[in-house]
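Asks: Take a look at the following structure, please.
Bear in mind these aren't lab numbers, they're just calculated from the coordinates by the rules spelled out. Owing to the predicted nature of the structure, the values given are computational and were not obtained by experimental measurement. Here Cβ is always computed from backbone atoms with ideal geometry, including for glycine, and neighbour counts include all displayed protein chains.
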Amino acid sequence: MPKQKTANKRATNWHTLAAADTVARLSSDRHHGLSSGEARARLKQYGRNRLPRPPKRSAFIRFLLQFHNILIYVMLTAAGTTAMLGDWVDTGVLLAAVIVNAIIGFIQEGKAEQAMDAIRGMLSLHTTVIRDGKRLEIEAEKLVPGDIVTLASGDKVPADLRLITGKSLRVNEAILTGESEAVEKTAGPVLNDAPLGERFCMLFSGTLVTSGQASAIVVATGLRTELGRISSLLRQVRSTTTPLLRQIDRFGRWLALAIVLLSIATFIVGVLWHGHPPKEMFMMAVALAASAIPEGLPAIMTITLALGMRRMAKRHAIIRHLPAVETLGSVTVICSDKTGTLTRNEMTVQKLATADHVFTVSGVGYEPDGGVYLNGAAVTADNCPELEEIARAAVLCNDAQLHRDADESWQLAGDPTEGALLAFAVKTGKDPAWEREKRPRTDAIPFESEHRLMATLHHDHKDNGLIFVKGAPERILEMCDRQGGLQQNQTTLDTGYWLRRAQAFAADGLRVLAIAGKLVEDSKREVSFADLENGFTLLALAGIIDPPREEAIAAVKTCVGAGIRVKMITGDHVDTAQAIGERLGIGLGKPTLSGAQIEALNDEQLQEVVLEVDVFARASPEHKLRLVEALQAAGQVVAMTGDGVNDAPALKRADVGVAMGLKGTEAAKEASDMVLADDNFATIGNAVYVGRGIYDNIQKFILFMLPTNGGEALVVLAAIFFELTLPLTPAQVLWINMVTSSTLGLALAFERPERDVMLKKPRAPKEPLLSWFFAWRVLMVSTLFMIGALGLFLWETQRGSSLETARTMAVSTVVGAEMFYLINSRYIYKSVLSLEGLFGNAYVLIAIAACAALQIAYAHTGPMQALFGSTGLSPNEWLKVACVGFFIFVAAELEKAVIRWLFVGVAVVRR
Ligand code: ATP
């Protein structure tokens with residue numbers, strides 16, 4: 001590949017070349033970009049623009065790692081010992097138990113990894129590129145050297161680029177240089193030996209644009225980028241753990257150690273005190289350890305979280321950091337943006353106020369069907385000169401594009417606020433393309449939330465310069481001293497009149513935008529903030545409707561019912577925010593606080609008011625950060641949404657940072673814990689719902705697993721200490737462990753969130769997972785298991801049944817009781833005595849059916865009888881086994897009823 005070699009060789013000195021030379025050397029065109037055919041050919045030649053994934057652990061290594069577990073060590077030691085003693089049957093059973101355990105763990109882990117991979121794939125980077133003279137949005141992976149890309153603040157640089165033009169461009173290169181201050185970028189070449197951090201004309205893959213705009217050419221992709229060179233250093237260890245999982249893991253280890261010690265004590269007591277044969281006691285101690293150690297605990301937790309993440313992803317909430325799943329369940333405040341999240345972001349200009357008139361505009365969405373009316377009569381730019389200038393400004397001070405789809409519907413590319421202005425201009429009879437042609441744009445100041453305005457500089461073909469601005473009325477009014485037309489009908493600005501008009505529009509829930517312009521000399525080629533200080537003529541105020549999302553109204557209600565406060569933090573006008581808030585059910589009857597008012601408060605004062613106010617208007621990203629901090633200081637657990645580059649600090653600070661998937665910048669996504677694929681507030685509500693369900697499932701699993709393990713252990717311990725014939729042989733204990741532990745409990749990972757999960761208060765973040773109530777439940781159920789299995793065994797031996805029969809019944813009782821108790825465990829406090837409760841989870845039913853089949857095979861098939869010393873049972877005996885299971889089921893339900901009755905309204909039951 002000769003071409004690739006050249007590119008590689010030259011890749012070291014792109015920064016010394018002028019932009020035009022770079023474009024020429026890469027055979028590209030700065031305005032038209034590459035042709036799509038050439039891009040395809042180069043993609044073949046250079047490969048995809050991505051770094052190789054960190055090597056995955058091979059399946060074999062993953063399988064081997066399953067053996068790295070305290071229980072397995074115990075069982076392997078035991079297998080070695082029995083083999084030395086020549087007890088091949090026990091060795092076989094032990095080894096089989098070890099292998100079954102490893103296979104189950106391997107499959108479970110594989111499922112969890114698959115779910116995580118699928119979610120990672122949803123966050124692929126997109127970028128804007130110019131090909132065949134058209135702007136396209138493509139996956140960054142498909143970029144090739146020579147592609148012309150455009151970047152704006154908040155974008156992640158998709159490859160190594162040579163800057164062609166930049167405006168106020170600053171880039172954070174911390175990932176490459178460690179320098180946290182953003183670097184200013186300019187297009188001029190630099191010296192050959194300039195270090196990476198001083199190559200001001202280069203943009204490096206993986207860095208973040210913090211402000212400004214740029215057009216640049218791709219010079220290196222994939223592994224040939226600077227990031228690619230050091231990528232081995234950046235390979236992150238993928239973490240699939242959370243504080244809760246770590247807590248459980250630690251708990252599991254301590255428990256395992258305690259159980260091993262208990263088993264050793266049992267061995268010593270059994271041999272020395274009770275005089276049991278050492279070989280039998282040794283196997284018993286091993287079986288005891290195997291039955292009591294909750295080895296599946298961490299694996300099933302991970303699976304529960306991974307499955308939950310997949311469920312969330314299906315509902316458009318993509319989790320970036322696993323711990324967020326847990327935190328979501330304890331969120332007490334959700335702070336949301338307004339536009340697009342609580343509202344539909346489908347904007348339409350409805351009213352237009354000029355110095356003398358108020359026009360109404362008909363039609364909805366971006367279809368240019370509809371018209372402009374003055375006192376009921378239709379008007380156009382042709383017959384109403386004051387409209388003409390406004391429509392022109394609306395088209396020119398605008399980056400959006402409207403185009404017709406194959407199905408004839410109108411589609412918007414760009415900002416919806418601007419789309420609304422464009423559709424309005426078309427309704428006045430203006431042709432946007434013709435306007436742009438007649439007065440081409442020379443320069444622009446793009447819209448940024450902090451400035452709340454956008455400005456563009458144009459020149460017509462008669463050598464006149466013209467600046468148009470549009471933005472928040474109070475910002476634009478500051479710059480104006482006249483009103484009316486740019487060249488005629490001008491009068492002095494009547495600020496009071498415009499403020500009244502703006503307030504009237506806002507009180508109707510309309511978003512208000514002011515449009516102004518001024519004439520400048522022809523020689524002016526750049527527009528800066530200094531040009532925006534004064535001298536403008538206010539042309540009009542546009543009132544734009546952006547209806548609330550129906551689903552957001554419902555979601556706000558659900559959240560409030562779930563004990564979560566919803567706060568709206570918006571850059572919009574106070575009155576608009578309040579009016580929209582009222583329609584959404586946010587901040588009813590409460591005051592609204594503006595950004596300026598937030599600034600006037602110190603941290604203590606803010607902390608006091610922050611709980612009382614639900615609508616914050618004209619707020620900027622810095623205000624968001626202060627609000628999160630104030631809420632956290634007041635003891636709240638905060639989820640905060642954001643989309644802009646400057647929202648990153650607030651998103652990072654929040655307990656759950658939520659970025660917008662559609663309109664969010666890469667910077668916001670990188671700082672967030674969760675990304676909303678559809679930008680919809682209702683999705684946050686859904687994520688909280690699923691998050692609470694996941695936490696519940698983890699609790700349910702613990703409450704299932706610990707007592708079933710404990711039950712088996714108690715049966716053995718009681719027999720040893722009361723010097724009874726052992727009701728379970730060591731091999732039989734291992735059998736129970738093989739067929740039930742993890743496999744039955746796994747079904748609980750698929751449990752859907754309970755219907756009333758959003759009627760409960762948020763979980764206290766510090767609430768321990770294993771409460772006193774849990775300890776009680778574990779003890780009670782373990783004892784029930786012990787009484788059931790041991791009781792039936794003793795009864796049968798007393799009645800004269802053979803030891804094999806009594807033992808087979810004891811084993812079947814434990815297995816059967818676990819099946820029944822699995823159904824109990826579907827709800828922690830609620831009764832399962834309903835159709836939904838008994839049959840609502842197909843996985844539970846399948847697990848029970850599989851387990852029942854195995855248990856019947858255990859009793860009735862020859863090889864099993866030979867291995868485990870089991871024997872066939874009569875229908876009558878099976879009935880007794882089932883009765884004990886049923887008795888435990890009823891007892892467990894009764895306990896729940898008593899708990900509900902004792903603790904009505906108390907936190908323990910509410911959660
Ligand atoms: P959110 O509720 O998500 O914060 P918002 O749209 O209300 O969104 P910003 O996007 O920060 O808040 O906008 C703040 C103000 O800036 C708007 O009220 C409007 O007056 C003005 N504005 C919005 N979009 C543009 C634009 N494209 N050009 C000029 N001014 C704009």
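Asks: Could you give the Stokes-Einstein D for segment 688-902 in µm² per second, using the C-alpha Kirkwood radius, 25 °C, 0.890 mPa s? Please report the intermediate quantities before stating the final value.
Replies: Details: Rh = 17.9 Å.
Reported coefficient: 137 µm²/s.
Asks: Once R0 is set to 51 Å, what does the formula 1/(1 + (r/R0)^6) return for the Cβ-Cβ distance between ASP481 and GLN45, expressed as a FRET efficiency to the nearest 0.05? It would help to have the intermediate numbers written out before the result.
Replies: On the way: r = 59 Å, r/R0 = 1.16.
Efficiency, rounded to the nearest 0.05: 0.30.
Asks: Still on this structure: Among all the lysines, which ones have a C-alpha under 17 Å from LYS44's C-alpha, if same-chain residues fewer than 8 places away are not counted?
Replies: Of all the lysines, those that pass the test against LYS44 - Cα under 17 Å, at least 8 places apart if same chain - are LYS3, LYS5, LYS142.
Asks: If you don't mind, there's one more thing I want to ask. Given ALA324, LEU703, VAL556, which one lies farthest toward the positive end of the charge dipole of the chain, if we put +1 on the Cβ of every Lys and Arg and -1 on the Cβ of every Asp and Glu?
Replies: So the residue furthest toward the plus end is LEU703.
Asks: From a point 7 Å beyond the Cα of GLU550 in the direction of its Cβ, which residues of segment 572-599 have a backbone N at a distance under 18 Å?
Replies: What the label zone holds, given the 18 Å backbone N cut-off, is 583-585.
Asks: If R₀ is 25 angstrom, what is the calculated FRET efficiency for the pair ALA507 and ASP369, using the beta carbon separation as r and rounding to 0.05?
Replies: Values: r = 28 Å, r/R0 = 1.11.
Approximately 0.35, to the nearest 0.05.
Asks: Cα convex hull of the chain: mean projected area in nm², to one decimal? Write down the numbers at each step before the final one.
Replies: On the way: hull surface 185.0 nm².
Mean projected area of the Cα convex hull: 46.3 nm².
Asks: Still on this structure: Would you mind calculating the relative contact order of the chain from Cα pairs under 8 angstrom and at least 6 residues apart, reporting the percent as a whole number?
Replies: Relative contact order, the chain: 11 percent.
Asks: Please compute the net charge surrounding PRO158, taking Lys and Arg as +1 and Asp and Glu as -1 over other residues with Cβ under 11 Å from its Cβ. Don't skip to the answer; put the middle values down first.
Replies: Details: positive: ARG50, LYS142, LYS156; negative: GLU139, GLU141, ASP147, ASP155, ASP160, GLU666.
Neighbourhood net charge equals -3.
Asks: Next question, about the same structure. From a point 7 Å beyond the Cα of THR165 in the direction of its Cβ, which residues of segment 641-661 have a backbone N at a distance under 15 Å?
Replies: none
Asks: Could you give the size of the charge dipole of the chain about its Cα centre, using +1 on the Cβ of each K and R and -1 on the Cβ of each D and E, expressed in debye and rounded to the nearest 20? Can you show the working numbers first?
Replies: Numbers: 93 positive and 95 negative charges, 430 e Å.
About 2060 debye.
Asks: Oh, and also: Restricting to DSSP loop positions (anything but H, G, I, E, B) with no more than 15 other Cβ atoms inside 10 Å of their own Cβ, which GluC sites (Glu not before Pro) remain in segment 693-788?
Replies: Values: sites: GLU712, GLU723, GLU751, GLU754; in loops: GLU723, GLU751, GLU754.
Qualifying residues, ordered by number: GLU723.
Asks: For labels at GLN411 and GLU184 in the simple 7 Å Cα→Cβ model, what's the distance in nm?
Replies: Spacing of the two 7 Å Cα→Cβ label points: 4.0 nm.
Asks: Once you have the Cα-Cα distance between GLN401 and LEU223, take 0.36 nm times their residue separation minus that, and quote the gain in nm to one decimal.
Replies: 60.5 nm
Asks: If I histogram all Cα-Cα distances within segment 349-544 using bins 5 Å wide from 0, what percent of pairs lands in each bin?
Replies: Percent of Cα pairs in each bin: 1, 8, 17, 21, 22, 17, 9, 3, 1, 0.
Asks: Hey, if you put +1 on the Cβ of every Lys and Arg and -1 on every Asp and Glu Cβ in the chain, which of VAL333, GLY308, THR150 ends up farthest toward the positive end of that dipole?
Replies: About the Cα centre, the residue reaching furthest to the positive side is GLY308.
Asks: Still on this model: Place the peptides 586-593, 673-680, 656-663 in order of packing, highest mean first, counting for every residue the other Cβ atoms within 10 Å and averaging per peptide.
Replies: On the way: 586-593: 17.0, 673-680: 22.6, 656-663: 24.2.
Going by the mean number of other Cβ atoms within 10 Å, highest first, we get 656-663, 673-680, 586-593.
Asks: Follow-up. Efficiency by 1/(1 + (r/R0)^6): what FRET value for LYS557 and ARG62, r their Cβ-Cβ distance, R0 = 60 Å, to the nearest 0.05?
Replies: Once the sixth-power term is evaluated, E becomes 0.85.
Asks: Placing unit charges on C-beta atoms (Lys and Arg positive, Asp and Glu negative, everything else neutral), compute the dipole magnitude of segment 349-544 about its Cα centre in debye, rounded to 20.
Replies: Working: 20 positive and 31 negative charges, 67 e Å.
It works out to roughly 320 debye.
Asks: Can I ask one more? How many nm is it between the label spots at ILE264 and GLU137, if each spot is 7 Å from the Cα in line with the beta carbon?
Replies: 6.3
Asks: Which of the listed residues, MET454, LEU538, THR492, is farthest toward the dipole's positive end in segment 349-544, when Lys, Arg count +1 and Asp, Glu count -1 at the beta-carbon?
Replies: Farthest towards the positive pole: THR492.
Asks: Next question. Roughly how many debye, to the nearest 20, is the charge dipole of segment 688-902 about its Cα centre, given +1 on each Lys and Arg Cβ, -1 on each Asp and Glu Cβ, and no other charges? Walk me through the intermediate numbers first.
Replies: Details: 16 positive and 14 negative charges, 153 e Å.
Approximately 740 debye in magnitude.
Asks: While we're looking at this one, here's another question. Return the inverse of the average 1/r over all pairs of distinct C-alpha atoms in segment 769-830, which is the Kirkwood hydrodynamic radius, in Å to one decimal.
Replies: Computed over Cα pairs of segment 769-830, the Kirkwood hydrodynamic radius comes out at 12.9 Å.
Asks: Using only alpha carbons, build the gyration tensor for segment 399-492 and give me the equivalent ellipsoid semi-axes, biggest first, whole Å.
Replies: They are 25, 18, 14 Å, listed largest first.
Asks: Hand me the trypsin sites (Lys or Arg not before Pro) from segment 433-462 located in a DSSP loop with no more than 16 other Cβ atoms within 10 Å, in residue order please.
Replies: LYS462
Asks: Mean Kyte-Doolittle hydropathy of 0.5 or higher plus an axial Cα length of 24 Å or more: which whole DSSP H helices in the chain meet both?
Replies: Sorted by number, the helices that extend far enough and score high enough are 88-121, 243-268, 297-314, 681-721, 772-798, 803-824, 842-860, 875-902.
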